[in-house]
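> The structure is given below, and queries will be raised subsequently.
The values are calculated or read from the model by the stated rules, or taken from the named source; none is laboratory data. Keep in mind that what you see is a predicted model, and the values were worked out from it rather than measured. Neighbour counts are summed over all protein chains in view; Cβ atoms, including those assigned to glycine, are modelled from backbone coordinates with ideal geometry. Quick note on the areas: whole protein, heavy atoms, side chains included, nothing else; ligands and nucleic acids left out. Shrake-Rupley method; radii C 1.70, N 1.55, O 1.52, S 1.80 Å.
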Amino acid sequence: MMLPEEFTVTVQDANGRSVQRVLPTVNRYQGEDGGYIAFYSRNPEIGVYSVGGGIYVVGQVRLQGEYWGRIFQPAGYEGEDISAEQVFKDLADEIFPQCNGGCWAGGDTGGWLGR
């Protein structure tokens, strides 16, 4: 399943009200064996919404790979901690230049797909 590139999410703002925001979504991979990695930052000014603990989601990218439950495993990185992989930090900077070296990746995106 592919998500729209102008993917609207409903989140709570600082006052606890539900608001809609657009989560930038790049469908880089078009094949059926794909899924999404999310990019995170500690900078609230570039984040779309907070996931708690001072961490914010900046956007997401569709790559080749598979879901293990709710967690997406990019092809070639199955079982790896993708947050520590430089290739994904570089991808964050390429697609979301506002990251400026400060973003990392995670695969916990299965919730968008009903996983």
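> Pull up the range 64-115, narrow it to residues that are open to solvent by 70 Å² or more (accessible area, probe 1.4 Å) and assigned to a loop (DSSP other than H, G, I, E, B), then point me to the one that is nearest to LEU3 (Cα to Cα).
GLY114
> If GLU32 meets every condition in (1) in contact with a strand residue (DSSP E or B) (Cβ under 6 Å, 6 or more places away or on another chain); (2) exposed (fewer than 12 other Cβ atoms within 10 Å of the Cβ); (3) among the acidic types (Asp, Glu); (4) within 19 Å of LEU113 (Cα to Cα) apart from one, which number is that one?
(1)
> How do the pairs read when you match residues in the range 1-21 that are over 17 Å from GLY47 (Cβ atoms) with residues anywhere that are open to solvent by less than 90 Å² (accessible area, probe 1.4 Å) and small (Gly, Ala, Ser), using Cβ under 8 Å and keeping only pairs 6 or more apart or on different chains?
So the pair list comes out as MET2/GLY34.
> Cβ-Cβ distance below 8 Å, separation of 6 or more or different chains: which pairs start in the range 92-103 with a residue that is more than 11 Å from PHE39 (Cα to Cα) and modelled with pLDDT of 95 or more and end on one that is among the hydrophobic types (A, V, I, L, M, F, W, C) and surrounded by 12 or more Cβ atoms within 10 Å (Cβ to Cβ)?
Cβ pairs passing all conditions: GLN98/ILE46; GLN98/VAL58.
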